Amino acid sequence: MLRIGMLTSGGDCQALNAAMRGVVKGLCSKRDDVEIYGFQDGYKGLIYSNFKMLTSRDFSGILTVGGTILGTSRQPFKQMRVPGPDGVDKVEAMKHTYHKLNLDCLVVLGGNGTHKTANMLKEEGLNVITLPKTIDNDLWGTDMTFGFQSAVDIATDTIDRIHTTATSHSRVFIVEIMGHKVGWVALHAGIAGGADIILLPEIPYDIKSVVNAIETRAKIGKRFTIIAVAEGAITKEDAALPKKKYKEKLANRKHPSVAYELAEEISKYTDQEVRVAIPGHTQRGGTPCAYDRVLSTRLGAAAAELILNQEYGYMIGIKNGTTVKVPLSEVAGKLKMVDPEADIIKEARLTGISFGNE
């Protein structure tokens, strides 16, 4: 009997179900003695032994379904070794559940924090395989994470729709796109949607540079400007602050997000009307795009192959179009940031896009 535990952790995204389906189909195509234990609401289900028995039939018809059939929750890595109000030792509880069910492997789908915990469980002696889930595309060791392209498509569609109303009213539109620490979604959606200015966490911006880009467009007869801003975008002044000081400043920010703060600043220097559009959680919801369905299916099948070969302690990623196994120790705690000197940035600048630091 092959006993597999499975959970989805952290923020949800498109293609989680498709990835789990890929794992199960890969396993059941080779063995008919597979037991699947689906832990509900992420690591919380593993901690409190909250699971349901699943069969291959439970994974039929979910290729195009967004969200996760297992549910998810955020369990901060920093708190994993800190007992909660109920006094439960989370790490020991997870190990106990794993051994109580006599699992052969735990399959974990998640992002950066999820992988830190997965690596910790591996170091505690559990057999773990992970899959790279996040719309942010910020996981080390893989060129692409599933959920990213679907989020880009939605953010791009938002920018596309903003174009018509921005043109009609001669306005500056700020489209705030998900990405607290990294700007991959804003970068790709900004380029795909024809944004005039793209502001990323990795490239601190100068408000005067942003205003100059808007005014330059106005001088050559452009009636509108569209700004794609990652929610974690930061000014040069704030980037120079110590981390503690910056957190204090954020805590006392009068605006709900960077887009509104930016709108107020632009209004001080230009007489153009400024509006804000925030697609928010729509970027994480709905049907996965075809690219993500293919990617997640491939990653899931590759994970199944590792399990069948009893190779544990890896994340399945994709490099140059090929699925690869990456040691969890190399993934945990590392972010894949946008390189300000990357070719994609240079090429975007050549098309006239401003990054607010010129």
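The values are calculated or read from the model by the stated rules, or taken from the named source; none is laboratory data. All values derive from a computational prediction rather than experimental measurement. Note that each Cβ is placed from the backbone with ideal geometry, even for glycine, and that neighbours are counted across all protein chains shown. Side chains included, ligands, DNA and RNA excluded: accessible areas come from the protein's heavy atoms. Shrake-Rupley method; radii C 1.70, N 1.55, O 1.52, S 1.80 Å.
Of all residue pairs spaced 6 or more apart or on separate chains, those with beta-carbon atoms under 7 Å, a first member in region 310-335 that is under 24 Å from residue 31 (Cβ atoms) and a second member that is open to solvent by 40 Å² or more (accessible area, probe 1.4 Å) and in a helix (DSSP H, G or I) are 313/122; 323/298.
Of all the numbered requirements in (1) assigned to a helix (DSSP H, G or I); (2) open to solvent by 60 Å² or more (accessible area, probe 1.4 Å); (3) in contact (Cβ under 8 Å) with a residue 40 or more places away in the chain, residue 294 misses one, and that requirement is (3). Among all positions in region 337-348, there is at least one residue which is crowded, with 16+ Cβ neighbours inside 10 Å and within 25 Å of residue 15 (Cβ to Cβ). Taken residue by residue, region 22-38 has no member that is at positive phi and open to solvent by 30 Å² or more (accessible area, probe 1.4 Å).
Out of 134, 72, one residue alone is open to solvent by less than 40 Å² (accessible area, probe 1.4 Å), touching a residue at least 12 places away in the same chain (Cβ under 8 Å) and not small (Gly, Ala, Ser). It is 134. Within the bounds of region 160-173, is there any residue that is open to solvent by less than 50 Å² (accessible area, probe 1.4 Å), at pLDDT 95 or above, over 18 Å from the mean Cα position of the chain (by Cα) and among the aromatic types (Phe, Trp, Tyr)? Looking for residues that are open to solvent by less than 50 Å² (accessible area, probe 1.4 Å), at pLDDT 95 or above, over 18 Å from the mean Cα position of the chain (by Cα) and among the aromatic types (Phe, Trp, Tyr), one finds at least one in region 160-173, hence yes. Counting the residues of region 76-111 that are modelled with pLDDT under 90 and surrounded by 14 or more Cβ atoms within 10 Å (Cβ to Cβ) gives 2. The set of residues in region 236-266 being closer than 30 Å to residue 164 by Cβ, surrounded by 14 or more Cβ atoms within 10 Å (Cβ to Cβ) and not acidic (Asp, Glu) consists of 257, 258, 259, 260, 262, 263, 266. Pairs are defined by a Cβ separation below 6 Å, a sequence spacing of at least 6 or placement on different chains, a first member in region 218-229 that is closer than 20 Å to residue 259 by Cα and touching a residue at least 60 places away in the same chain (Cβ under 8 Å), and a second member that is of a type in the set (Phe, Trp, Tyr) and open to solvent by 10 Å² or more (accessible area, probe 1.4 Å); the pairs so defined are 226/173. Scanning region 204-230 for residues that are under 22 Å from residue 158 (Cβ atoms), open to solvent by 40 Å² or more (accessible area, probe 1.4 Å) and out of contact with any Ser or Thr (no Cβ under 6 Å at 6 or more places or on another chain) yields one hit, 222. Does any residue of region 269-283 turn out to be part of a helix (DSSP H, G or I) and buried (at least 19 other Cβ atoms within 10 Å of the Cβ)? Within region 269-283 (the criterion being part of a helix (DSSP H, G or I) and buried (at least 19 other Cβ atoms within 10 Å of the Cβ)), the answer is yes, since at least one residue qualifies.
Residues in region 58-81 that are aliphatic (A, V, I, L, M) and closer than 15 Å to residue 116 by Cα: 80 only. Can residue 52 be described as loosely packed, with under 14 Cβ neighbours inside 10 Å and of a type in the set (Lys, Arg)? Answer is yes for this residue.
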